[in-house]
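Scroll down for the structure; my scribbles are underneath it.
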Amino acid sequence: MPIPRYRPHNGAALFSAGFRPFFLCAAAWSALAIPLWLMTYAGAATVPTALAPAVWHVHEMIFGYGAATVAGFMLTAIPNWTGRMPLQGGPLVLLVALWFLGRLAVLVSARIDDAQFAAICDLAFPLVFIAVVAREIAVGRNWRNLPMLAALALLFAGNALVHAEALGWSTTAALGNRLGMATLLMLISLVGGRIVPSFTRNWLVKYEPGATTPASFNAIDRLALALTALALVMWIAAPDTTFAATAEFAAGLALAVRLVRWRGGGAWREPLVLVLHVGYGWLALGFTLLALSRVAPSLPPTAALHALTAGAIGTMTLAVMTRASLGHTGRALTAGSGTIAIYVLVNLSALLRLMAPFGGSQYLLLLSLAGTAWVAAFGLFVLIYTPALTQPRVAGGVVRPA
């Protein structure tokens, strides 16, 4: 993505572009929510939410952290899609405040004893954000990106299904969380299919002239996306069926083929590019493990789910957050030692989480280590990138990498 235009902004630099507050808040919330969940799981604390503890954990990773990263990405990308100026100042502050209100309301919903009030607070942010994106796409006549609006509507629907159970209207919390998770995974499939080969091609052309560049989008990519969509639909609607397992395995294989065609090995010297391939690789692995868990009782489904969540979603979102934070604040697009540490820690967290179910008596230890690595990755993002995200854009773009 080219860096978008910015209108003059006299307020706090944090609210001069959508990626700044949303990436920072998303990382901070992720680093706080996981310890809360682990302490609750171990019986050392109780989260005062009206949601079941496990439901709250998944909900906050999807509709808290995940939704914030989607908002940060879209608010940054929309000006490039539409040619319009980005959201800044007061309207952006309002959006962030609505997101924060949702996190707080859901967190203390049991204490305030009002699940309906919590639901209204939490659903206000995605509803307003849908309206913002719809307006930008319509005014900019950018119909090509209407699928992004559909993705936001699905995230809203999934969130609403979770709250419907908290209100006693249904038993749809698990379905809502699966719908939200599937939407994030499909976004990674779609958006990753744009940025991974594009950024890889740009790097290879600049630093490895003559190297084989990523293959262009063709029928193989269309098939991979179609199989991914089918696998996710089956996982949402009929997760325990043979057809779902078959679709998941086919999707994993197709995504792996797609990834190989993007020539990530040629860009191994730049972690900022390589991590995108690693994140997409988790996506292919997760679908494959999900399929195998249906036929191999020794392979717990939670391993596959955490390959898709901690692995694919965690790695890909941090990859995009670090790259966008560097590029859109005028810094050099290369990973420093701190950013490399973030990538290593989030992947270590995913690996440890996959290993935990096989750890026997060491399960809680591995789970705690996975959580520690996760908190370290996102805490390090907050520590390293707060100066860039809270200060004005650097003129000239020559800044030592983080």
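Viscosity 1.567 mPa s, temperature 4 °C: what is the translational diffusion coefficient of region 53-108 from Stokes-Einstein with a Kirkwood Rh over Cα pairs, rounded to a whole number of µm²/s?
Value of D from the Cα-based Kirkwood radius: 103 µm²/s.
According to a simple spin-label model (label point 7 Å from Cα along Cα-to-Cβ), what is the distance in nm between LEU101 and TRP169?
Result for the modelled spin labels: 1.9 nm.
What value, in deg cm²/dmol to 500, does the helix sum -39500 (n - 2.57) over DSSP H runs of n ≥ 4 give at 222 nm once divided by the residues of the chain?
Computed mean residue ellipticity for the chain: -23500 deg cm²/dmol.
Determine ³J(HN,Hα), in whole Hz, for all residues of region 355-361 in sequence, where each value follows from phi through the Karplus function 6.51 cos²θ - 1.76 cosθ + 1.60 and θ = phi - 60°; x replaces Gly and Pro.
3J(HN,Hα) across region 355-361, in whole Hz: 6, 3, x, 9, x, x, 5.
Take the alpha-carbon centre of region 53-109, take the same for region 154-176, and report the distance between them in whole Å.
One Cα centre to the other: 19 Å.
Using all C-alpha to C-alpha distances in the chain, build P(r) with 10 Å bins and read off the rounded percent in each one.
5, 22, 34, 28, 9, 1, 0
Given a 10 angstrom Cα cut-off, can you work out which residue in PHE129, PHE19, PHE63 is the most mobile in a GNM of the chain?
PHE129
Which sequence of ARG141, ARG178, ARG263, ARG135 reflects their accessible areas, 1.4 Å probe, from the largest down?
On the way: ARG141 165, ARG178 55, ARG263 115, ARG135 135 Å².
From most accessible down to least: ARG141, ARG135, ARG263, ARG178.
The values are calculated or read from the model by the stated rules, or taken from the named source; none is laboratory data. Computed from a prediction, not measured in an experiment: that's the story for all the values here. Using ideal geometry, Cβ is built from the backbone for each residue, glycine included, and neighbour counts are taken over all protein chains shown. Surface areas here come from the heavy atoms of the whole protein model, side chains and all, with no ligands, DNA or RNA. Shrake-Rupley method; radii C 1.70, N 1.55, O 1.52, S 1.80 Å.
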